[in-house]
Structures are given as C-alpha cells and as structure tokens.
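Colleague: The structure under discussion is supplied below as structure tokens; questions concerning it will follow.
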Amino acid sequence: MVVGDISTGTDVAVIGAGPGGYVAAIRAAQRGLDTTLVERDAYGGTCLNYGCIPSKAFVHGSSLAWEVDHAEELGIHADPAVDMAQMQSWKSDVVDQLTGGVEKLCKANGVNLMPGTAKFTDDTTLRVEHDGDGQGSETLEFERAIVATGSRPIEVPGFSFADEPVVSSRGALAFDTLPDRLVIVGAGYIGMELSTTFAKLGVDVTVVEMLDDVLPAYEEEVRRVIRKRATELGVEFQFGEGASEWRERGDGIVVETETEDGEVSEYPADKVLVAVGREPVTDTLDLDRAGIEPDENGFLQTDSRARTETDHIFAVGDVAGEPMLAHVASKEGIVAAEVAAGEPAALDYQAIPAAVFTDPEIGTVGMTAEEAEAEGFDPVVGEMPFNASGRALTTNHPEGFTKIVADGDTGFVLGGTVVGPEASELIAEIGLAVEMGATLEDLGSTIHTHPTLSETVMEAAENAEEQAIHTLNR
Ligand SMILES: Cc1cc2nc3c(=O)[nH]c(=O)nc-3n(C[C@H](O)[C@H](O)[C@H](O)COP(=O)(O)OP(=O)(O)OC[C@H]3O[C@@H](n4cnc5c(N)ncnc54)[C@H](O)[C@@H]3O)c2cc1C
C-alpha cells in the first residue's frame, strides 16, 4: 500500500522510542496532550534491544555459569556446559517481553504509534518516511517536538563495523557461538562489562586501551578492585596501546596496536569488539530546518527544562549529552513532557546514580570527596569493607567496599561509592539520602536488616562519624 502524502497533526511529536522517548510520550499523553511517537526500529531503543537489557542478561548468565564452575569451596562440584544459542534465545525472550510491554503501555496511555524515520522540514513539521518499498511517507505537524534519537557506537579508523570480524557491543551481544579469542578495544564501562562477561564464559579476552587504566571516570581505589578481579578472571590488559588495524591470519585475525612511541604489537583473535564510546544520532534529522545547531560533537544543547534553542523543541537522553544513561534519558523525558504540558518541571542532576555491571559491580551517586572539596565543602568520609560484612562472606563475595561522603560541618550526605556485590542496588539508598538531604546520623541510626549488604551503608555512615561497631574508626 502506498501511504502517499497524508498529513496528520499532533500536540507533541516524539522522535525515538528509547527510554527517553517512550517515557516522554507516555507522560505527555498522561497530561492529556495528543502525542505521536515515531520510531524507525524497535520499541525500547538501544537500552531494551541492544544495550542495558541484553548486556545484563549475559552478565547474569555468565556469572551463573562461572559460579557453578567455581563452587568447589562450597562443596559443589559441577562442570557446566554453555549453550550460547540457548542463552541468546532466553535473552531474546526477556527483550521481547519488555519491548512488547512498552508498546502496550504506549497504546494503553493513548499514544499514537507511528513507525518510520522522522526528519524536520521546518520547526513545526516532520516528514516521516515509512520503511519498505512503496510504503511512502507522511507529514506530521506538531505544536511541540521531543528529540530522543539516542546514540550509536563510534567506529575507529581501520575497524569498520561492516567487516565481519569487527563488532560493536550490539554485534557482540548477538553472538550465537562464542569466539575462542576476543580482543576488546576500549576499557570504558561497556568494554569492561563485556570483558568480564566473555571471560566468565571461557573466552580468551584481551583488552587494548590507549590510557593507562580501566574506567578513567572512576577513583583509583575503585579501578584497582575492578582491574584486579578482571585479571583474576583471565582478562589480559594492554594499556597505553591504540588499535591501529586488523588483518586476517590463519583461520582468525590479528589486531595490531601501537604505543605513543610507535612500538607495534599484535594480538591474535577471532573477533574484535570496538567499544570506544558512543556518538549522538543527530546528523540525519535536518535539524537546521528547525533552527537547531548541534555542538561540534553532534550533541544538542538544552537548558534545565530540556529545551533546545528552538524552545518548543526539546532534546532528551543520549542526544542531549552526558551522562548517557537510560534512567537519565527517562528523567529528561518526563521533564520535557511536563514542560510541554505547561508545568514548572526542571532537571536536577545532583543525585544521579550510575552503575557499572562489572564483577564486582560499581555504584556511584553525588560527589566524591575530591569533588566535594572542589565545591568548597570540608568533607568527611566513612567506609565499610565487604570483607567485614557477614552477608558478603556468606555469598562468597567479600570484594570491595561501601563509602559515604558527607559535609563535615553539617553531616549532610553528599555522595557515595559502592564497589562490591549488588552495588547497583545498594547505591539507591545513598541516592535517596543525597536527594532528601539526609545526614550521616539519619543513615547510621536507621535500623538495617541483618545480615544484609545494606548494613554496609549504615556502617560506612557510622564510620564517618567515628561511631562504627564493626570496623575500626578512622
Ligand atoms: C551495551 C550497552 C549497555 C548499556 N548498559 C546500560 C546500563 O546498564 N544502564 C544504563 O543506564 N544505560 C546503559 N546503556 C546506555 C543506554 O542504553 C542509553 O543511555 C539509553 O538507551 C539512551 O536512551 P535514549 O532514549 O536517549 O536513546 P536510545 O535508547 O538509543 O533510543 C533512540 C531511538 O530513536 C530511534 N531513532 C533514531 N533516529 C530516528 C529517526 N530519525 N526517526 C525515528 N526514530 C529514530 C532509534 O531507532 C532508537 O530506537 C548501555 C548502552 C549499551 C550500548
């Protein structure tokens, strides 16, 4: 069927159905606005289809296999065989359940779903191209628009994702059979999550990183825990080397790297995963027709109400820059929708949690001690190591620590870092403390269930006040 030149009108047009766009669309519809959500690929965006959810499914599957294979100390002897095709099929069921849920939620909230690829023709009109031969295109007129087109992986020169042995995280998360040897270019959070995942599945993993350590955005004591554990799991690190090219050799490939001094090395592999970062998807939208100019890296600049320079057009999620995280995209989506509905909503980035699902996990929120000092605070820090936690020892995961940073004068909690088991969950309590202005005393005097990992939050707060029972006070 040729749709031809149909023209539709809507109060709010949302471009992209990732965690930024679909959340914005639902909230706009909840506020009584006629809302149209345009998506060119799959509901749920990168997060549900190719990012957060598939990667966490494999983080879990690989950890389960590894735990079962390494439980002799607990008196369990097993020799698990990994069926990658079955793990893929289980992952796809999880993804389908979630993406189907997004579609149902959008429909149930009255969002109009429009499959297709949107481009601006001016600041009140989009052209939506439908996929497939003869499907045509249509015009969508809007009062307000929310750009939520997300990001894509950056290619490095010499490594094209079009070449079969070169994959992005999306390609690696679709492996039906495991490569024997995998070179990962980049030790950021995606490279590190996937390096430990594949190492646990028995893949021989080499990580090549231009800098001199993993996860440059994190404090040294966090990086040390992650680097040590990844090395124990068999991940080999080659720091200070940039990947320059790959070539076929024998029945596999070699990845060539070069140091700043021109020293060349070669690493044999079957696949190479390039995970050096992500760039915004803004170059295909004809934004200039809507009066919007991306910055030099392609990101859209927004104000605290998620508005671009054309103030009835909003930008949320990865297109609006760091931090490029799903929950940030969703929060920005809610703010944009509420502002579009005439409400006084605004963004507050003070208590944004972030998690890295390495082994062990990392959770951070608010300020580090160094950042607090730079902001003019006189910070106090309290820490509780997991090797002093009964619960961590009974799960055989005593690596890492929980750390709380507070204002020395008032006791207000300013931030925290957890590196250890369930850090991604534990950080929520510290996030709530920062958000609601809780003090060390509030955290320390809250009775926590025993034996739990959350006791480490209470103990770290007490440690900062030199009142800890289960650790020596500083
Ligand atoms: C491997 C991996 C693991 C990750 N893990 C985590 C994690 O654990 N936690 C976390 O918080 N974040 C994680 N992220 C990041 C997270 O996926 C992103 O921050 C999040 O998806 C951003 O949401 P978004 O709505 O801005 O964009 P996206 O999710 O990228 O969605 C954008 C959507 O817009 C559509 N689109 C683009 N252009 C057009 C157009 N012109 N017309 C119509 N539709 C269009 C795309 O098809 C896509 O569906 C991970 C990412 C990756 C790659």
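The values are calculated or read from the model by the stated rules, or taken from the named source; none is laboratory data. It should be emphasised that the depicted structure is a prediction, and the values quoted were computed from it without experimental measurement. Ideal geometry is used to build each Cβ from the backbone, glycine not excepted, and the neighbour counts take in all protein chains shown. Note: areas computed on protein heavy atoms with side chains; ligands, DNA, RNA excluded. Shrake-Rupley method; radii C 1.70, N 1.55, O 1.52, S 1.80 Å.
Colleague: What do you reckon, is ALA174 among the aliphatic types (A, V, I, L, M), assigned to a loop (DSSP other than H, G, I, E, B) and within 12 Å of the ligand (Cβ to nearest atom)?
Modeller: Considered against the rule, which asks whether it is among the aliphatic types (A, V, I, L, M), assigned to a loop (DSSP other than H, G, I, E, B) and within 12 Å of the ligand (Cβ to nearest atom), ALA174 comes out as yes.
Colleague: Can you tell me which of (1) more than 16 Å from the ligand (Cβ to nearest atom); (2) open to solvent by less than 50 Å² (accessible area, probe 1.4 Å); (3) within 28 Å of SER330 (Cα to Cα) is the one ALA108 doesn't meet?
Modeller: Evaluating ALA108 over (1) more than 16 Å from the ligand (Cβ to nearest atom); (2) open to solvent by less than 50 Å² (accessible area, probe 1.4 Å); (3) within 28 Å of SER330 (Cα to Cα) leaves (2) as the failure.
Colleague: Pull up the stretch 256-293, narrow it to residues that are away from the ligand (no atom under 13 Å from the Cβ) and under 27 Å from the mean Cα position of the chain (by Cα), then point me to the one that is surrounded by the fewest Cβ atoms within 10 Å (Cβ to Cβ).
Modeller: Among residues in the stretch 256-293 that are away from the ligand (no atom under 13 Å from the Cβ) and under 27 Å from the mean Cα position of the chain (by Cα), the one surrounded by the fewest Cβ atoms within 10 Å (Cβ to Cβ) is GLU293.
Colleague: Here's something else I'd like to know. Restricting to the stretch 326-356, give me the number of residues that are open to solvent by 50 Å² or more (accessible area, probe 1.4 Å), within 16 Å of the ligand (Cβ to nearest atom) and modelled with pLDDT of 95 or more.
Modeller: 2
Colleague: I've got another one for you. I'd like to check something: does the stretch 58-66 contain any residue that is outside any helix (DSSP H, G or I) and more than 16 Å from the ligand (Cβ to nearest atom)?
Modeller: No, every residue in the stretch 58-66 fails to be outside any helix (DSSP H, G or I) and more than 16 Å from the ligand (Cβ to nearest atom).
Colleague: I would also like to ask the following. Tally the residues that are in contact with a helix residue (DSSP H, G or I) (Cβ under 6 Å, 6 or more places away or on another chain), within 19 Å of VAL335 (Cα to Cα) and near the ligand (Cβ under 6 Å from one of its atoms), restricting the search to the stretch 18-53.
Modeller: Number of matching residues: 3.
Colleague: Would it be correct to say that ALA315 is closer than 19 Å to ALA13 by Cα, within 14 Å of the ligand (Cβ to nearest atom) and over 15 Å from the mean Cα position of the chain (by Cα)?
Modeller: yes
Colleague: Tell me which of these THR197 doesn't satisfy, since it passes every other one: (1) in a helix (DSSP H, G or I); (2) in contact with a strand residue (DSSP E or B) (Cβ under 7 Å, 6 or more places away or on another chain); (3) hydroxyl-bearing (Ser, Thr, Tyr).
Modeller: Every condition holds for THR197 apart from (2).
Colleague: Out of ILE226, ILE184, report the one residue that is under 25 Å from the mean Cα position of the chain (by Cα), closer than 24 Å to GLY363 by Cα and in a strand (DSSP E or B). Steps first, please.
Modeller: Working: ILE226 fails: in a strand (DSSP E or B).
Unique residue meeting the criteria: ILE184.
Colleague: For a quick check of your reading: which helices (runs of 4 or more DSSP H) sit entirely within the stretch 379-474 and have at least 3 residues that are in contact with a Gly (Cβ under 6 Å, 6 or more places away or on another chain) and either modelled with pLDDT of 95 or more or open to solvent by less than 30 Å² (accessible area, probe 1.4 Å) (or both)?
Modeller: The qualifying helices (runs of 4 or more DSSP H) are 423-436, 455-464.
Colleague: Would you pick out the residues in the stretch 125-167 that are open to solvent by less than 60 Å² (accessible area, probe 1.4 Å), more than 11 Å from the ligand (Cβ to nearest atom), assigned to a loop (DSSP other than H, G, I, E, B) and among the polar types (S, T, N, Q)?
Modeller: SER160
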